[in-house]
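> Got a structure here, written out as structure tokens. Questions coming.
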Ligand SMILES: [Zn+2]
């Protein structure tokens, strides 16, 4: 690969988008990134993690400098599949620029954000300015799966090396529709539940000989949603339980089915611990007096990062570069930041999420440039030499 001009985030973002890194295939994306980071002085190491099927996939651990303060930039190189390619107005992996926009899968989520961060470091080094302390760039290869195996392998590597971070900046697209809108200072947790009721199959004309599980399932589901889970709090919207599937699998009218199942997903705020939430749901179900089977799985608990140097530095830089005062948000789904929340303050700021996971995913070149400037200012503020 010819040496990219890293002072501009565009060429690196394009090279990464041209690697169709749909998990678990990295398609050379992390190699492109490591080849960009090494000339800047980063020491790059591939950290393998395993898929659910036991197959290896790569993640990148890159570090520049030594000693503190130590900022960790967290991102992911995997992208969701392009879906129907014919629905795209540009090839999703060609990384074309059209009318001032970089088009392609991963442009917003989040290869553009990674490229902006690399450029911010390149610009500081290019000026010959001192950059005391350390910068780690940790890139997971499986964020979109929600499993977090990559992020956990990176954290384990850091702990084996005895590394500690002062801050973790996550480059996920944190702004709903314009740059500067939101810093994410926390995330909700997610709980998935699968609820089953067993009955006895029978003819609908002879219900006394059967035991219909469907009305029981409906009553149980109603007990889950009849009352709000909480009222929300200063930083979080109310927790929300969505019933996402109700299944009987019965194609005919005159048969009472033997079992009925439903699935639900709860996005919960800091009013609940995973344990407390599960107890609340179990209580609501058992108060019906009905028999049921329930499996629950927690994917990340809610967390909130208190105001501190990273969030202040980000807010100041965002205001200066974009002229917009960002709100401190906790909305949306979870990110790999949840694996870092107990290790250091975690704040997320990146591009615009609007087109992420959609056809014609894109990033405005102007936003890429502004994001690079925001990251540069944050690095200068946090890692500047002591006066
Ligand atoms: Zn993402």
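> Cβ neighbours within 10 Å, averaged per peptide: list 263-274, 163-174 in order, most packed at the top.
Details: 263-274: 19.7, 163-174: 22.9.
Top to bottom by mean Cβ count within 10 Å: 163-174, 263-274.
> A further question on this structure: Please determine, in degrees from 0 to 90 and to the nearest 10, the orientation of helix 213-225 with respect to the longest principal axis defined by the Cα atoms of the chain, where the helix direction is its Cα long axis.
Computed tilt is about 50 degrees.
> Next question. Return the percentage of antiparallel bridges among DSSP beta bridges fully within the chain, rounded to the nearest 5 %. List each step's numbers first, then the result.
Numbers: 49 of 68 bridges.
Of all bridge pairs located within the chain, approximately 70 percent are antiparallel.
> Between 0 and 90 degrees, rounded to the nearest ten: what's the tilt of helix 309-322 against the longest Cα principal axis of the chain?
Rounded to the nearest ten degrees, it is 70.
> What is the calculated FRET efficiency for residue 320 to residue 206, with r their C-beta to C-beta distance and R₀ = 45 Å, to the nearest 0.05?
Details: r = 75 Å, r/R0 = 1.67.
Here the calculated transfer efficiency is 0.05.
> Alpha carbons only, please: Rg and Dmax for the chain, in angstrom.
23.8, 86
> Take the Cβ-Cβ distance between residue 309 and residue 89 as r, set R0 to 30 Å, and report the resulting FRET efficiency rounded to the nearest 0.05.
Working: r = 42 Å, r/R0 = 1.41.
So the FRET efficiency works out to roughly 0.10.
> Just to confirm my numbers, what's the Cα centroid distance between segment 234-272 and segment 296-369 in Å?
Each part reduced to its Cα centre gives a spacing of 29 Å.
> Could you work out [θ]222 nm for the chain from helices alone, using -39500 (n - 2.57) per DSSP H run of at least four and dividing by all its residues? Round to the nearest 500 deg cm²/dmol. Present the calculation step by step, with values, prior to reporting the outcome.
Working: 8 runs with 105 residues, N = 387.
Result for the chain: -8500 deg cm²/dmol, rounded to the nearest 500.
> What's log10 of I(q)/I(0) for segment 189-299 at q = 0.13, 0.14, 0.19 Å⁻¹, Debye sum over Cα points only, no solvent?
-0.53, -0.59, -0.93
> Using r as the Cβ-Cβ distance of residue 290 and residue 237, and R0 as 45 Å, what FRET efficiency do you calculate, to the nearest 0.05? Present the calculation step by step, with values, prior to reporting the outcome.
Working: r = 31 Å, r/R0 = 0.68.
Computed FRET efficiency for residue 290 and residue 237: 0.90.
> Further question on the same structure: Rank-order 309-322, 121-134 by packing density, defined as the average count of other C-beta atoms within 10 Å over each peptide's residues, highest first.
Values: 309-322: 18.9, 121-134: 15.9.
So the order, starting with the most tightly packed, is 309-322, 121-134.
> What order do you get for 28-34, 298-304 when each peptide is scored by the mean count of other beta carbon atoms within 10 Å, highest first?
Per-residue Cβ counts within 10 Å, averaged per peptide and sorted highest first, yield 28-34, 298-304.
> Here's another thing I want to ask about it. Treating the Cα atoms of segment 102-156 as identical point scatterers in vacuum, please give the log10 of the normalised Debye intensity I(q)/I(0) at q = 0.21, 0.29 Å⁻¹, two decimals.
With one equal scatterer per Cα and no solvent, log10 I(q)/I(0) is -0.92, -1.12.
> Can you tell me the orientation of helix 149-161 relative to the chain, as the angle in degrees between its alpha-carbon axis and the longest Cα principal axis, to the nearest 10?
Result, in degrees: 50.
FYI, it's all coordinate maths here, none of it is from the lab. Quick caveat: nothing in here was measured; it's all calculated off a predicted structure. We place every Cβ from the backbone using ideal geometry, glycine too, and count neighbours over all the protein chains shown.
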